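Below you'll find the structure, written out as structure tokens, and then a few comments.
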Amino acid sequence: MTAATDERWFVALDVDGTIMHEDESIDPVVVEAVGAAADRGHLVTLATGRSWSTTRPVLEHLGLEPEYVVTANGAITMRRDPSSPDGWSQAHVETFDPTDVLMRIRDELPGGRFLVELADGYRLFTRGMSDWNLERAREVEFEGLLGQPATRVVATSVDHDLDEFFGLVERMGLHHVSYAIGWTAWLDIAPDGVNKATALERVRGWLGVPLRRVIAVGDGRNDIEMFHWAGAAGRAVAMGQAPAEVVAAAHERAGRIEEAGLAAVLDSLP
């Protein structure tokens, strides 16, 4: 049975730790639940910190064909576009000059490793970023990162545990950027005022869905703004393994990723 237009939900799903395990596998029951929600007429999409190049395979695995997809923590929103050779085009892009923030971070983190993502998805990185997907990417010296129109900056440290890294970031006093700290010692920086929530609110307006019909599901610190946005009138759901501050920002708590917790959340939609 398909949900009537006024009953359909705008469903925003984080990828890593919500849909996908650390080894990049997806539980079949989650794939089935995503497809069933879409088949019922709900507007299911992804809202991820991933680049577009690493997000599209997830859509294909899920069999999803949403109108819009939010990537790069809100800096890039993609739109389905049959006139484009690959079927997609950029609907909205936010960039910033990362020079000041990179210089400040390196002053505090001289042994850090850095990556800058450009508007077309190409990435520039410094030596040592071996744990990141480096397709369409080129290694450069630190100075080669400066002055680039970036959608995202990533800084990592192998010399600090997470608590030490939190303290380091606090001392940096970062301003005029939006940032989130990952599970391990890495910092993900977006243009000022840009996050998953700002992009999703723009998409919600384009789709004409009321705020009371939005649901967001995630597990990371970069989902906190998204939870505040969704929870204002709709549903904000943290995965079971999410850190305490992420759970506190949500109104509901799902099962853990190891329990395919997302499936039950999606099955709860009409």
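Just checking, does segment 180-188 include any residue being β-branched (Val, Ile, Thr), under 17 Å from the mean Cα position of the chain (by Cα) and assigned by the TED database to the domain that holds Asp14?
no
Kindly list, by first and then second residue, each pair from a residue in segment 79-94 that is acidic (Asp, Glu) to a residue that is assigned to a strand (DSSP E or B), limited to pairs with Cβ atoms under 6 Å and residues at least 6 apart or on different chains.
Asp81/Trp88; Asp81/Ser89; Glu94/Pro191
Is it fair to say Glu252 is within 25 Å of Asp27 (Cα to Cα), assigned by the TED database to the domain that holds Thr48 and of a type in the set (Asp, Glu)?
yes
Within segment 214-223, is even one residue assigned to a helix (DSSP H, G or I), under 19 Å from Ala254 (Cβ atoms), charged (D, E, K, R) and open to solvent by 10 Å² or more (accessible area, probe 1.4 Å)?
For segment 214-223, residues assigned to a helix (DSSP H, G or I), under 19 Å from Ala254 (Cβ atoms), charged (D, E, K, R) and open to solvent by 10 Å² or more (accessible area, probe 1.4 Å): present.
Could you please find all residues in segment 225-239 being of a type outside the set (Lys, Arg), within 15 Å of Leu13 (Cβ to Cβ) and not in a helix (DSSP H, G or I)?
Gly234, Ala236, Val237, Ala238, Met239
Report, by residue number, each residue of segment 28-51 that is open to solvent by 40 Å² or more (accessible area, probe 1.4 Å) and either on the phi > 0 side of the Ramachandran plot or out of contact with any Asp or Glu (no Cβ under 9 Å at 6 or more places or on another chain) (or both).
Listed by number, the residues that qualify are Pro28, Val29, Glu32, Asp39, Arg40.
How do the pairs read when you match residues in segment 223-239 that are farther than 17 Å from Leu262 by Cβ with residues anywhere that are assigned to a helix (DSSP H, G or I) and among the acidic types (Asp, Glu), using Cβ under 8 Å and keeping only pairs 6 or more apart or on different chains?
Ile224/Glu245; Trp229/Glu201
Residues are listed down the side, and each one gets a yes or a no for (1) modelled with pLDDT of 95 or more; (2) in contact with a strand residue (DSSP E or B) (Cβ under 9 Å, 6 or more places away or on another chain):
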| site | (1), (2) |
| --- | --- |
| Met1 | no, no |
| Thr5 | no, no |
| Trp9 | yes, yes |
| Ala12 | yes, yes |
| Glu24 | no, yes |
| Pro28 | yes, no |
| Ala38 | yes, yes |
| Gly41 | yes, no |
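When you check Ala199 against the structure, is it in contact (Cβ under 8 Å) with a residue 24 or more places away in the chain, more than 30 Å from Glu108 (Cα to Cα) and either buried (at least 17 other Cβ atoms within 10 Å of the Cβ) or under 18 Å from the mean Cα position of the chain (by Cα) (or both), yes or no?
It is true that Ala199 is in contact (Cβ under 8 Å) with a residue 24 or more places away in the chain, more than 30 Å from Glu108 (Cα to Cα) and either buried (at least 17 other Cβ atoms within 10 Å of the Cβ) or under 18 Å from the mean Cα position of the chain (by Cα) (or both).
Here's the yes/no breakdown for (1) among the aliphatic types (A, V, I, L, M); (2) open to solvent by less than 20 Å² (accessible area, probe 1.4 Å):
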| site | (1), (2) |
| --- | --- |
| Pro210 | no, no |
| Gly231 | no, yes |
| Ala249 | yes, yes |
| Ile257 | yes, yes |
| Leu269 | yes, yes |
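I need the full set of residues from segment 112-130 which are touching a residue at least 12 places away in the same chain (Cβ under 8 Å) and either over 29 Å from Trp88 (Cα atoms) or open to solvent by 10 Å² or more (accessible area, probe 1.4 Å) (or both), in order please.
Gly112, Arg113, Leu118, Ala119, Gly121, Tyr122, Arg123, Phe125, Thr126, Arg127, Gly128
Going through segment 52-96 one residue at a time, which ones are under 16 Å from the mean Cα position of the chain (by Cα) and exposed (fewer than 15 other Cβ atoms within 10 Å of the Cβ)?
Selection gives Pro57 alone.
The values are calculated or read from the model by the stated rules, or taken from the named source; none is laboratory data. These numbers were taken from a predicted model, which means no experiment stands behind them. Note: ideal-geometry Cβ built from the backbone for every residue, glycine included; neighbour counts use all protein chains shown. SASA here: full protein model, heavy atoms, side chains in, ligands and nucleic acids out. Shrake-Rupley method; radii C 1.70, N 1.55, O 1.52, S 1.80 Å.
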